[in-house]
1. Summing -39500 (n - 2.57) over the DSSP H runs of n ≥ 4 in the chain and dividing by its residue number, what mean residue ellipticity at 222 nm do you reach, to the nearest 500 deg cm²/dmol?
2. Along its principal axes, what span do the Cα atoms of the stretch 249-318 show, with the longest given first and each in whole Å?
3. Write down the Å³ per residue value for the convex hull defined by the alpha carbon atoms of the stretch 227-359.
4. With contacts defined as alpha carbon pairs under 8 Å and 6 or more residues apart, what's the relative contact order of the chain in percent?
5. I'd like the distance between the alpha-carbon centres of the stretch 262-321 and the stretch 238-259, rounded to an integer number of Å.
6. For the Cα atoms of the chain, what angle does the longest principal axis make with the long axis of helix 524-548, in degrees from 0 to 90, nearest 10?
7. Given 0.36 nm per residue, what is the gain on full extension from residue 612 to residue 629 after removing their alpha carbon distance, in nm?
8. Any idea how far apart residue 546 and residue 518 come out in nm if each label point goes 7 Å out from Cα toward Cβ?
């Protein structure tokens, strides 16, 4: 029997129906948020997956086109591989729920969120996040929830929680955050809502705006947490007992004592390859010594070694005040930059920070190169693309090269969001821009290296960007009241830390950010300090970038297409195109340019050949030129009648030369002066309100005589 639960969330009703659909899943929730409906299920296998050192969690968010009353495009007419939005939302749910499973939990678990109806007003990712939390919370799956997500925008300085799509168009902020209920609360509250995950973009806003948006979003989640508690009390199942692998105390002590000195010495190696080689060597010796004759204790030994490594690194940073490479907590690794290193790309940059290196390659294209994205909320034509690649050699590995995974897509979206606010308007720079970031070496935040390399490549290509953007990855380690905030974290510091916080922006403000938090207790004070330290680091990096190139180059690459934009009367578009496209095809055939005509009369002509562009422009102007009073044209007589002759002065534009205007002397018969097909000079003497043109051969002849 199904049960319905309803509450208010940021000014709108939201309901959850339990026991209505998918009753064979361990947990299932049908979430209705306005006319947006999401079915979210959670299933966890009863047997554990042996030999894994991670939580085998899979999250799949999928948008059914039927939800928006659409039929999929393509040959098969059915949903295919996930689009970018589906991948990002899947990652958000994964990053928000994964840390809340018990450490050592190894049962295959899957969350599937399916959008069944979409109204373009109530965000589907908000509904899906709530559904995932409810499905896990009411099931017998071990999960330390509840959690919930909210989007925060800012319109005219006012923060708005869960804005509509139309409101987001007016917003200078778009942050999606997820909070978790933590009991007991502070300051006399029954519970607190702690930040778990956050990502989003902004139009160069200040750090105080971000902190305010986080507080507003978390506060808006309080009634949703109480709502989930009510659902769990009514229909929640008892959590299953999870058999976590326990390491015997004596084995833990033996392994720790035997491995500590070797691992400690390994972590003294500053360079990643040497350090990891030393760590692997030290681990292998301990595993061989304590795995037992049958090797069955090897997983337990590795578990202890993981804990020893983490404690060594954390103690080194928190208690000894030392980082792996000897830097202070707020220091940035050495940075080198180079631009213009690839002769045939339209823009290129090599950004190196420590052992992380990104090669950014930029290509300029025309409107025909825009990316078409089809979402259930509508179609998007994207003129700026950023693609991030992470080949295996970047971390010293050898494996099959495959298409971009979810991580690569997510990093590309983060970097694209960071650079988008500084790009010129399309009307001023009508190019399609694609940046490819090839990560050549990685040890700490290659996505932020992509932002820096991408910013350099834009300037190298001559794209008239407004400013320079840089990105920095921040880390945090917290033990009791001791908090250490790290700038420009290494991969090992990220692995052992409590927070991964990426911040991008100009010196004016933040343009993009992403945060994952692994612990509770990250309060407003810590966030404020982390953002302030990130701002200092970001400004330092921007100064380094500007030592290489301060302003966009004055000229585009000689290999880039030249795009010229001209405006014509929209009523003359048919003249440019011609019957069945005859005219526009002729222009392309004769000049080799690429030409595009918009409904508003904007004509863009693209070619790397300046002469070809000039010829095409002249041909378009000839087809669309308007008659001017007082101007003399060389026209063609198209038709002769008793009272005069109709003369074509421009393609598709005729005027009448009355018999009285044919010559300075009296004309008895029109054909005594002109015949069909003759080319004659005529002057426009009048254009009436209806657009009819009166011409004079007589005045054209008089003007030519006087000019002589």
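1. Values: 16 runs with 221 residues, N = 708.
Mean residue ellipticity at 222 nm (helix-derived): -10000 deg cm²/dmol.
2. 36, 24, 15
3. Values: hull volume 37.4 nm³, N = 133.
Residue-normalised Cα hull volume stands at 281 Å³.
4. Values: 1474 pairs, mean separation 64.3, N = 708.
9 percent.
5. With the stretch 262-321 and the stretch 238-259 each reduced to a Cα centre, they are spaced 16 Å.
6. Tilt of helix 524-548: around 50 degrees.
7. Working: separation 17, 0.36 × 17 = 6.12 nm, distance 3.08 nm.
3.0 nm is the gain from fully extending residue 612 to residue 629.
8. Between residue 546 and residue 518, the simple spin-label model gives 3.6 nm.
All of the numbers you see were taken from the coordinates with simple rules; none came from a lab. Note that the structure is a prediction, hence the values are computed from the model and not measured. Using ideal geometry, Cβ is built from the backbone for each residue, glycine included, and neighbour counts are taken over all protein chains shown.
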